[in-house]
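Structure, as structure tokens:
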Amino acid sequence: MLVNFNVKWFAPLFLSYTMSYAQPNFRIKYPETPKVDQQDDYFGTIVKDPYRWLEEDTAAKVKAWVVAQNKVTEDYLSHIPFREKMRKRISDFINFPKYTSPFRVGDYYIFSRNNGLQNQPVFYSQKGLSGTPEVLIDPNKFADDGTVAITLNGTSKDGKYLAYSISSSGSDWQRIEIIEIESKKVLEEKINWVKFPSPAWFGNGFYYSGYAVPEKGKEFSMKNEFQKIYYHKLGEPQSKDKLIYEDIQHPQRYVHAQTTEDENYLLLYVREVGKDGMQVLYKPVTQLNLDFKILFEGFDYDYQVINAVGDMLLVSTN
């Protein structure tokens, strides 16, 4: 029998069952959520916001409130009589090996595999089609609770290095690390304070989008503003990375870099908050002292430069 397991319908179905089968006399006593006298005047319209205090995620009272809420939830779920049976049934559904399609880097093929119940997939490298797969990166060894995830971010033009980003506990903050594919040696440098990075390799390094170091204690509550483009040279500390681009006039724009395969052009894709399209800027990599020129005005359409053909660019757009 084939089973189409769709979490979109399973989650509400599971909740309805838990509500129906939980002990009927079990009463939930929710922790008190205080209200404050907070209101804002938006052009003459008064908007009350009594729970504004919950936005300060580092405050002791907010942490205590979250702990209390979690305790109520766990206490309720612990009274569901078939909870362990449901856990086992779900485990049976997902307990099978899962692979991603391999991609080729020089002489190597790289892919990921989850043996069934691993928290994170393991990345493997295999030399040639008949080679033996060997572990390249195992995220499950980074944290005992399995909450550290890895995203592959592309390889150097010569196929020697692979960049990947590390995220802990579901945070958008990531750290870029570099591994040498053949030797499986992780380089010493760590690139911190990046979000959804997409390193653009050039020469002995890469361009990447990053942020300034956030204020201590507010790493997870500050706005994402003033994203910049830096260049990192392999073997050097992040403190020596060169600032390539910033836009102080538009603090909430997002930007990421790309280099053409022939390494002649550096392209920047700029997105505006609240708009669907993008703006594309460019300059010859050998003339970084010049200002970026606009290749495509924003922000009505999407663009993707596929490759350079001489002094022409092949572009995909909608």
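The values are calculated or read from the model by the stated rules, or taken from the named source; none is laboratory data. The shown structure was predicted, so the numbers you read here are calculated from the model rather than taken from an experiment. Every residue, glycine among them, receives a Cβ derived from its backbone with ideal geometry; neighbour counts consider all protein chains shown. Each accessible area value is taken on the protein alone, full model and side chains, heavy atoms only, with ligands, DNA and RNA left out. Shrake-Rupley method; radii C 1.70, N 1.55, O 1.52, S 1.80 Å.
Some notes on this structure:
- Qualifying residues in region 132-159 (those that are at pLDDT 95 or above, more than 20 Å from the chain's Cα centre (by Cα) and not hydrophobic (A, V, I, L, M, F, W, C)) - the one farthest from Arg175 (Cα to Cα): Thr132
- Residues (exposed (fewer than 15 other Cβ atoms within 10 Å of the Cβ) and under 13 Å from Ile179 (Cβ atoms)) located in region 123-139: Glu134, Val135, Asp138
- Those strands (runs of 3 or more DSSP E) of region 201-318 in which 2 or more residues are in contact with a helix residue (DSSP H, G or I) (Cβ under 8 Å, 6 or more places away or on another chain) and surrounded by 17 or more Cβ atoms within 10 Å (Cβ to Cβ) occupy 265-271.
- Region 27-45 residues that are within 14 Å of Thr73 (Cα to Cα), paired with ones that are open to solvent by 100 Å² or more (accessible area, probe 1.4 Å) and among the polar types (S, T, N, Q) (beta carbon under 7 Å, 6 or more apart): none
- Pairs linking a residue in region 161-188 that is on the phi > 0 side of the Ramachandran plot to a residue that is surrounded by 12 or more Cβ atoms within 10 Å (Cβ to Cβ) and at pLDDT 95 or above, with Cβ atoms under 9 Å and 6 or more positions apart or on different chains, are Lys184/Ser125; Lys184/Val135; Lys184/Leu136; Lys184/Ile137.
- Selection count, region 220-251, where residues are in contact with a Gly (Cβ under 9 Å, 6 or more places away or on another chain) and among the polar types (S, T, N, Q): 2
- Strands (runs of 3 or more DSSP E) fully within region 108-168 counting 3 or more residues that are closer than 17 Å to Val186 by Cα: 122-127, 134-137, 148-155, 161-168
- Residue in region 79-101 that is within 27 Å of Thr260 (Cα to Cα) and either aliphatic (A, V, I, L, M) or not in a helix (DSSP H, G or I) (or both) present: yes
- Test: residue in region 218-225 that is out of contact with any Phe, Trp or Tyr (no Cβ under 7 Å at 6 or more places or on another chain), of a type outside the set (D, E, K, R) and either free of Cβ contacts under 8 Å to residues at least 12 places away in the same chain or closer than 30 Å to Pro133 by Cβ (or both): yes
- Just one of the listed residues (Ile150, Ile80) is farther than 30 Å from Asn204 by Cα, surrounded by 14 or more Cβ atoms within 10 Å (Cβ to Cβ) and not basic (Lys, Arg), and it is Ile80.
- Residue satisfying all of: in region 153-174; more than 25 Å from Glu263 (Cα to Cα) and not β-branched (Val, Ile, Thr); most open to solvent (accessible area, probe 1.4 Å) among these: Ser169
- Test: residue in region 178-199 that is in a strand (DSSP E or B), open to solvent by 70 Å² or more (accessible area, probe 1.4 Å), within 18 Å of Ile229 (Cβ to Cβ) and not acidic (Asp, Glu): yes
- Region 26-74 - residue that is within 21 Å of Ser221 (Cα to Cα) and in contact with a strand residue (DSSP E or B) (Cβ under 6 Å, 6 or more places away or on another chain) and, of those, most open to solvent (accessible area, probe 1.4 Å): Gln39
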